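Enquirer: Structure provided below as structure tokens; questions to follow.
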Amino acid sequence: MNAELIYDNKKINLNVLTGTNNEIAIDITGLRNDTGLITYDPGYQNTGSCQSAITFIDGEKGILRYRGIPIEQLAEKSSFIEVSYLLIYGKLPNRAERAAFSERLSLNALLHEDMLHYLGNIPPTAHPMALLSNMVNSLSVYYPGFYVEDYNNETFNMMAARLISKIRTIAAFSYKKSIGEPFVYAREDLLYVQNFLNMMFSSPVKSYHLDPDIIRTLEVLLILHADHEQNCSTSTVRLVGSSKVNLYSSICAGICALWGPLHGGANQQVIEMLESVRNSKLSPKECIERSKDKKNPFRLMGFGHRVYRNYDPRAKILKEYAKKLLAKRKVVDPLLDIAMQLEELALSDDYFIERKLYPNVDFYSGFLYRLIGIPTNMFTVMFAMGRMPGWIAHWKEMHDSVPFKIGRPRQLYIGEPLADYVPVDKRK
Ligand code: CMC
């Protein structure tokens, strides 16, 4: 199959690529060289930046699969560590592979002692995402030598394990620092999620009870965050990584991209929005009206998505989880009522119906993080912890595809055609 573009009475033939599930892409890789033309697509709404075998999304139908496996099956049956392996290495690990992967994670659980001094000197007012991006970038200071030139399976395996393991330590230690408690180190006898909870919530005077419901909830949250194909932060990791900078710095850039309120930062904003609805006595109806008002920058946080034109399958799983777990524990969270009212109003409102705006992953995740005891300003850190294997998988996939090209979009210049330098005393 191919496509034809007619420009200036000339016919240009373009290849058509077909994905596994019959998605169609017009291949314009030769367009500039053959014709001098570029395409214009702000926000890359119609641009496929790569071919990828990691994650499949059908936004119209609300489908999400990692390496072909439906997210619902992984959320029900798998563990975050298994899913991390699946994303990075392309298959579910057998027993030996899973044991070797876990061992590498355990070996990398500590932070370099000098990193602790660094962490100790970050002002306590720093947002946990600023702290996280700093600490992750500093891995290339404290663990140098793993640069792209040295890239091979062994160095990559260590880099990947280092990031997945240390982000957990950084997150837990930064929380301990924020509440003025001593750091709790990882234990060899605990699995990834259990270890994180223990590092966060136990202290020298209080041991933390590892509750199976809480462990499974966090496992599911991390699984659901683990990858989402070419979103803003993953595209950032690929773009930065395409310059052949090391993995740590590429991931640091992804963390910064994730922080924004239109992306992963939305989970913090959802809870803050619901709190402000509750506190200011703004009714859910007024909240909906405000989000529709184009003169008002307010948006219904946790709603809408670039790819989903249907209910985000992750939000569906999390909503049910939140309802069941709160009911089982007899916890009444007034914010959940507000959220469900907002959802009901939005889903029956023409504005939201016409634009196909549904709850996304961030709308309900906060209730579960609250139940676990994670403070609101750390929600996006949790998202980053979950997304880590996805970022690593994309960096690896890009470096394994030979040759890959540095990411470098074009632009349409609309500034002054030509201007002269004017000395300062002659300027208006
Ligand atoms: N509240 C009110 N109106 C909205 C919302 C919303 N949450 N989201 C989109 N719209 C409107 C938007 O104003 C536009 O209207 P119009 O066609 O009249 O100009 C239309 O829907 C299409 O929206 P868009 O901004 O062009 O869509 P986009 O694909 O560029 O943006 C988005 C996607 C997620 C940034 C956006 O929906 C949004 O800002 N949502 C709120 C923030 C949020 O929840 N982000 C988390 C995203 S999911 C997790 C993640 O990626 O990390």
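Enquirer: A 22 angstrom limit on the alpha carbon distance is what I want to check against. Which of LYS292/LYS323; LYS316/LYS356; LYS166/LYS396; LYS177/LYS206; LYS61/LYS316; LYS319/LYS356 exceed it?
Expert: LYS292/LYS323
Enquirer: Roughly how many percent of the accessible protein surface of the range 202-352 is carbon and sulfur, given a 1.4 Å probe and a whole-percent answer?
Expert: Numbers: 3860 of 6920 Å².
Roughly 56 percent of what the probe reaches on the range 202-352 is carbon or sulfur.
Enquirer: Indicate the gyration tensor shape class of the range 213-299 (rounded, prolate or oblate), computed on the Cα atoms with a ≥ b ≥ c the square roots of the eigenvalues: a/c under 1.5 is rounded; otherwise a/b larger than b/c is prolate and the rest oblate.
Expert: Judged from the Cα gyration tensor, the range 213-299 comes out oblate (a/c at least 1.5, b/c at or above a/b).
Enquirer: Under a 1.4 Å probe, what is the accessible area of the chain per residue, stated in Å²? Walk me through the numbers on the way to the answer.
Expert: Numbers: 22390 Å² over 428 residues.
Ligands and nucleic acids excluded, the result is 52 Å² per residue.
Enquirer: For GLY19, what charge total do you get from the other residues with a beta carbon under 14 Å from its beta carbon, if Lys and Arg give +1 and Asp and Glu give -1?
Expert: -3
Enquirer: I need the peptides 271-280, 230-239, 133-142 ranked by packing, meaning the mean over residues of other C-beta atoms within 10 angstrom, with the highest value on top. Could the numbers behind the result be given before it?
Expert: Values: 271-280: 16.3, 230-239: 22.2, 133-142: 19.2.
The peptides rank, most packed first, as 230-239, 133-142, 271-280.
Enquirer: Let me ask another. With a ≥ b ≥ c the root eigenvalues of the C-alpha gyration tensor of the range 2-64, is it rounded (a/c under 1.5), prolate (a/b larger than b/c) or oblate?
Expert: Details: a/c = 2.43, a/b = 2.03, b/c = 1.20.
Prolate shape, in that a/c is at least 1.5 and a/b is the bigger ratio.
Enquirer: Also: What are the extents of the Cα atoms of the range 381-426 along their three principal axes, listed from largest to smallest and rounded to whole Å?
Expert: For the range 381-426, the Cα extents along the three principal axes come out at 56, 33, 17 Å.
Enquirer: With helices defined as uninterrupted DSSP H runs, which ones in the chain have an alpha carbon span along their own long axis of at least 24 Å and mean Kyte-Doolittle hydropathy of at least -1.0?
Expert: Helices meeting the span and hydropathy rule in the chain are 153-179, 379-400.
Enquirer: Report, as a whole number in µm² per second, the diffusion coefficient that Stokes-Einstein gives for the range 266-372 at 37 °C and 0.692 mPa s using the Kirkwood radius over alpha carbon pairs. Walk me through the numbers on the way to the answer.
Expert: Working: Rh = 14.0 Å.
Translational diffusion coefficient: 235 µm²/s.
Enquirer: Once the other residues with Cβ under 14 Å from the Cβ of LEU111 are scored (Lys, Arg +1; Asp, Glu -1), what is the net sum?
Expert: Taking every Cβ under 14 Å from that of LEU111, the sum is +3.
Enquirer: Using the basic label-point model (7 angstrom from Cα toward the beta carbon), what is the ARG309 to HIS127 distance in nanometres?
Expert: 3.2
Enquirer: Right, here's the next one. If I model a spin label as a point 7 Å beyond the Cα along the Cα-Cβ vector, how far apart are those points for LYS405 and ARG95 in nm?
Expert: 4.8
Enquirer: Please sort by residue number the trypsin sites (Lys or Arg not before Pro) in the range 62-147 whose DSSP state is loop and whose Cβ has at most 14 other Cβ atoms within 10 Å.
Expert: When the trypsin sites (Lys or Arg not before Pro) of the range 62-147 are filtered for loop state and at most 14 Cβ neighbours within 10 Å, LYS91 remain.
Enquirer: How many times 2.2 N^0.38 Å is the alpha carbon radius of gyration of the chain?
Expert: 1.06
Enquirer: Would you please state which residues of the range 5-23 a label at ASP34 would reach in this model, taking the label point 7 Å out along Cα→Cβ and a backbone N cut-off of under 20 Å?
Expert: Once the point is set 7 Å along Cα→Cβ of ASP34, 5-19 turn out to lie under 20 Å by backbone N, inside the range 5-23.
Enquirer: Given a Förster distance of 45 Å, report the FRET efficiency between LYS285 and ASP41 from their Cβ-Cβ distance, rounded to the nearest 0.05.
Expert: On the way: r = 37 Å, r/R0 = 0.82.
Taking R0 as 45 Å, the efficiency between LYS285 and ASP41 is 0.75.
The values are calculated or read from the model by the stated rules, or taken from the named source; none is laboratory data. Please read these numbers as outputs of a predicted model, since none were measured by experiment. With ideal geometry, Cβ positions are generated from the backbone for all residues, glycine too; neighbour counts draw on all protein chains shown. Accessible surface is based on the protein model in full, side chains and every heavy atom, while ligands, DNA and RNA are left aside. Shrake-Rupley method; radii C 1.70, N 1.55, O 1.52, S 1.80 Å.
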